[in-house]
Amino acid sequence: MEYDVIIGMEVHIELSTEKKLFCSCKNEFTYEPNKNVCPVCLGLPGSLPVINQQAIEYFIKLAKALECKINLFSKFDRKHYFYPDMPKNYQISQYDLPLAVAGKLFLPNFNKYVHIRRIHLEEDTGKSVHIGGENLREAKYTLLNYNRAGVPLVEIVTEPVIHSVDEAVEFLQLLRLTALYLGISDVKMEEGSLRCDVNVSLKPKNSEVLGKKVEIKNINSFRFLARALNYEIERQKNLLRQGKEIIQETRGWDEKTQTTYSMRTKEEAHDYRYFPEPDLLPIILDQQYIDSVKIQTTPSEYYKKYVALGLTHEEITFLLENPNINSLFNTLISNQSDPRPTVKFLKTDFAYLFNNNQINWQKLSIKNILEYIKLVEKKAIDVVNSRKYLVEILHNHINLIEFLKANNLLIQEDSDLAEKIVEKVISDNPQAVEDYLQGKEKALGFLVGQAMKELKGKAKPNTVSELIVKKLKAQVKS
Ligand SMILES: [Zn+2]
């Protein structure tokens, strides 16, 4: 029996606002526990929340990038459950009137949209640190850190329209890049500012009946996402093939055993006893304000632009993964630099220096980079030998041509000399000539090398190669 895989995702992104969502505590990642806390985010009696407008602005940016419908009227609700890292015993979230609905994100590699059901704003919880065990039950004791309590969190819920592990990974990657490019989050999975839960169900191919849904919680890396999904899909397939039932439940991913494990049966919305938050006014937005929030070019828009420029998927991924290099690329091509050689240069020589921290962005010379790429493209530069000067070439506002001439890096063609030397090399190397005429291509490379050695930058390798071939052909004819 063949099965269709149906995946829905819930992604949490922490917003990098200066302050928390409902109080003026600093919103920062710090290793000092309980440094940024106050009566509001500790839920002390008598304290009242006040909404942070920057969080609303960041939210609108994301909603716009995901092409959502932003609701002009929305409200906060209390979601009730007990956990020690949540000091109020409820979380301020949004239930029936979220800030935005009905969005979409395009997956270029699958040529499809992932539709987004809703996005809402809520507060993050604190963090429990279990000592002497993996969880609250096993631990000897548990430490509580409320630095994260009250940090603005956006929850993005997709429709169940993702049909493979690769689609799920691409969706999360693209969403991560989108938040990064909008400047609304640092989206670091290892620090918890990007987390995701996935719902997985299987249904027999061509069947209309949906299978039971299993939720996998708290996935905190792309590797875990792929592994947990692969494992869970196989687990469900095996159960169904044995005629067993899938239990609707919440499972966790155990990195040690590389398996998912049952945490609890799935709770329903009514279990949380949602009700409107009485301490906060509804959020009423006007269209003018929404229009005034401008967003940067998104990765999806860049993607479309780069495909039109003829870049490959690999080149595009490289650019998007490196926002600084991507921005440089855009500056260069807006100065009429040819996109293909430019991205090739950025991906190889430039990336090498960048990865070795040799790029000083403040002192970068756009003019020299443009000129250098053009010279490389025209094969007018000794690329191999110029590499060791590349840091100087790209940074100091030197006169590039003069610098290259002074260091003998410019190829200045002297066609008379090339002709003379090629003739000399042909007559000096009868064996190589013979080999080439017998069809050994390598011999040509040897002859070119011999000529280049004597020409010392006075001709381009391809000119010399063409010249040798032309002369040998003439020899054969006569
Ligand atoms: Zn606070």
Legend entry - Extended-chain gain in nm, criterion 0.36 nm per residue less alpha-carbon gap, E255 and F354: 32.3 nm
Legend entry - Acute angle (nearest 10 degrees) that the helix 53-65 long axis makes with the longest principal axis of the chain, alpha-carbon atoms: 60 degrees
Legend entry - Residue-averaged 222 nm ellipticity for the chain, from DSSP H runs of 4+ at -39500 (n - 2.57), nearest 500: -11500 deg cm²/dmol
Legend entry - the stretch 309-406 shape via C-alpha gyration tensor axes, a/c threshold 1.5: prolate
Inset, instruction - Distance between Cα centroids, the stretch 74-88 to the stretch 419-478: provide it in whole Å. - result: 80 Å
Legend entry - Rounded tilt (10° steps) of 222-241 against the dominant C-alpha axis of the chain: 60 degrees
Legend entry - Cβ-based exposure ranking for M263, M86, M1, M9, in which fewest neighbours within 10 Å come first: M1, M263, M86, M9
Legend entry - Centroid-to-centroid separation of the stretch 306-338 and the stretch 8-52 [C-alpha atoms, Å]: 37 Å
Legend entry - Packing-based order for 242-248, 458-464, using average beta carbon neighbours within 10 Å, highest first: 458-464, 242-248
Legend entry - Between 0 and 90°, nearest 10: helix 165-182 axis offset from the chain longest Cα axis: 90 degrees
Inset, instruction - Please give the net charge around K26, taking every other residue with its beta carbon less than 10 angstrom from that of K26, where Lys and Arg add +1 and Asp and Glu add -1. - result: +1
Legend entry - Rel. contact order, % - alpha carbon contacts under 8 angstrom, at least six apart, the chain: 14 percent
Inset, instruction - Return Y113, Y31 ranked ascending by Cβ neighbour count within 10 Å, so the fewest neighbours appear first. - result: Y31, Y113
Legend entry - Sequence of E28, E134 once ranked by neighbouring C-beta atoms within 10 Å, starting from the fewest: E134, E28
Inset, instruction - Kindly write out, for the stretch 299-307 in residue order, the coupling ³J(HN,Hα) from the Karplus curve 6.51 cos²θ - 1.76 cosθ + 1.60 (θ = phi - 60°), rounded to whole Hz, with x marking Gly and Pro. - result: x, 4, 5, 4, 4, 4, 4, 6, 4
Inset, instruction - Would you calculate the separation in nanometres between label points at K294 and R235, each defined as 7 Å from the Cα along the Cα-to-beta-carbon direction? - result: 4.9 nm
Legend entry - Shape of the chain, Cα gyration tensor, a/c cut at 1.5: prolate
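Read the figures in this text as sums done on the coordinates, not as results from a lab. Quick caveat, the model's predicted, so the values are computed rather than measured. Because the Cβ atoms are built from the backbone with ideal geometry, glycine has one as well, and the counts that use them run over all protein chains shown.
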